[in-house]
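Comments concern the structure below.
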């Protein structure tokens with residue numbers, strides 16, 4: 001009989017899968033680091049840290065009038081909701097500022113409380129004018145920074161840029177007011193709980209909303225950030241091209257706020273600069289970090305669009321997407 005020789009045993013399939021997984025992980029890690037280096041290099045070339053400081057300066061000037069204007073808008077929602085929405089939202093704002101800025105910024109937080117307590121009609125009118133002027137300046141800087149990121153020339157007039165900056169500022173304020181309303185009275189301006197009660201799901205709705213409250217606000221923030229990236233630069237962008245930067249900016253804001261809170265809680269007492277200048281410096285640094293995150297998200301979008309354009313150019317020999 002012919003002899004049969006056994007074939008050599010193949011290696012375990014799990015070992016091969018682990019090797020492929022490690023190779024894919026290493027490749028993705030290298031690609032991620034390469035993208036991070038490219039974004040950082042582009043940000044430094046476009047002077048993003050300095051532009052973030054300029055944005056933060058105008059934003060800090062507009063914080064107090066914007067808070068007053070937001071209180072007025074919440075007062076209008078009181079008529080719709082039928083609840084003391086403005087007062088509850090003011091407590092949420094003060095609580096959030098206290099959570100991020102700690103007692104090191106106590107004078108600033110006390111000023112916010114006093115500002116809410118003395119809101120008047122004429123003061124709200126002045127606040128609306130002041131907020132529009134300062135916030136439009138902040139967003140005009142954002143528009144210029146995003147144009148630098150995309151390497152596009154600004155062809156819109158000064159007046160059009162200022163009007164766009166004002167519109168983005170008002171939109172940001174309205175988005176913040178709606179997010180506060182959702183936090184205070186729930187979705188659909190409080191109608192969600194009534195609908196749930198009508199179908200016998202009241203307790204389940206309350207528990208579910210307590211869990212989803214944070215993610216819903218984060219999604220609102222993400223959607224508005226993507227809208228800013230679509231409207232601000234002097235180019236046409238697809239919605240999907242704005243999502244990576246919006247995700248980065250939202251994550252940056254959460255991480256920067258948590259990290260800054262930790263720094264203030266642990267090390268601010270030993271910092272002579274913060275000890276000398278107090279809450280003003282704390283607010284300025286925090287707003288600078290938020291502004292830097294917004295501009296970095298736009299830079300990421302621009303780098304990804306540039307990469308896609310270079311790939312399309314190499315494969316088809318034609319230009320990238322229309323600006």
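Observations, loosely collected:
- Once the Cβ-Cβ distance of residue 24 and residue 159 is raised to the sixth power relative to R0 = 45 Å, the FRET efficiency obtained is 0.30.
- Sites residue 231 and residue 15, calculated FRET efficiency, Cβ-Cβ separation with R0 51 Å, nearest 0.05: 0.50
- Residues in segment 230-245 reached by a label modelled at residue 151 [backbone nitrogen below 18 Å; 7 Å Cα→Cβ]: 233-237
- Spin-label pair residue 284/residue 91, simplified geometry with 7 Å Cα→Cβ offset, distance in nm: 3.4 nm
Values quoted throughout were computed directly from the atomic coordinates according to the rules given, and no laboratory measurement underlies them. Note that the structure is a prediction, hence the values are computed from the model and not measured. Note: ideal-geometry Cβ built from the backbone for every residue, glycine included; neighbour counts use all protein chains shown.
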